[in-house]
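The values are calculated or read from the model by the stated rules, or taken from the named source; none is laboratory data. Please read these numbers as outputs of a predicted model, since none were measured by experiment. Note that we place each Cβ from the backbone using ideal geometry, even for glycine, and neighbour counts take in every protein chain shown.
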């Protein structure tokens, strides 16, 4: 049985909860004085990202080499397909629930022609530029943290940006569960 508490970001609740939790801490135990205040009060968004990154790095346990290879294949396939604007292929690396969700969003949108995961991705929803997507396609997976059927792949790009992406076992295979990479530094 998969518990909802183990899901890293199926509905975005965990990421939002961590961010709110971290922002809540930013108001505790520090105050801004004439000396400038703590790092937490000076940049609460950076503090939230650091708290979220720590939680991701501590998630579950280190994956076996087999699990790491399988997750890496799915993640690299997804990132490469996005970089090459191969939207149907990118969708094939997403878990089925994410594919259905994106299809429903596309179907309910008046701005998106076509009613599929691929048309949603192709619609320009992505906040990343082509060079950023190309950088992500060359990601070097540093580790995979697993807890049951859920995982986070932690990786860096040639531009030395560190990211994490939620992964899920779907029909016996690792699939990407997070559409956008989550930066692990501000």
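Regarding the stretch 137-153, can at least one residue be identified that is on the phi > 0 side of the Ramachandran plot and out of contact with any strand residue (DSSP E or B) (no Cβ under 9 Å at 6 or more places or on another chain)? Steps first, answer last, please.
Here is the first cut: in the stretch 137-153, the ones on the phi > 0 side of the Ramachandran plot are 148.
Remaining after also requiring out of contact with any strand residue (DSSP E or B) (no Cβ under 9 Å at 6 or more places or on another chain): none.
For the stretch 137-153, residues on the phi > 0 side of the Ramachandran plot and out of contact with any strand residue (DSSP E or B) (no Cβ under 9 Å at 6 or more places or on another chain): absent.
Taken as a whole, the condition of being outside any loop (DSSP other than H, G, I, E, B), closer than 25 Å to residue 64 by Cα, outside the structural domain of residue 51 (by TED's automatic domain parsing) and under 18 Å from the mean Cα position of the chain (by Cα) does not apply to residue 134. In summary, residue 163 fulfils each of the numbered conditions (1) crowded, with 17+ Cβ neighbours inside 10 Å; (2) more than 23 Å from residue 51 (Cα to Cα) with the single exception of condition (2). Candidates 106, 118, 151, 139: the one that is touching a residue at least 24 places away in the same chain (Cβ under 8 Å), farther than 27 Å from residue 54 by Cβ and either surrounded by 15 or more Cβ atoms within 10 Å (Cβ to Cβ) or touching a helix residue (DSSP H, G or I) at 6+ places or on another chain (Cβ under 7 Å) (or both) is 118.
Scanning the stretch 67-89 for residues that are out of contact with any strand residue (DSSP E or B) (no Cβ under 8 Å at 6 or more places or on another chain) and at pLDDT 95 or above yields a count of 4. Condition first: within 20 Å of residue 131 (Cα to Cα), touching a helix residue (DSSP H, G or I) at 6+ places or on another chain (Cβ under 9 Å) and assigned to a loop (DSSP other than H, G, I, E, B). Now tell me which residues in the stretch 154-177 satisfy that. Listed by number, the residues that qualify are 157, 158, 159, 161.
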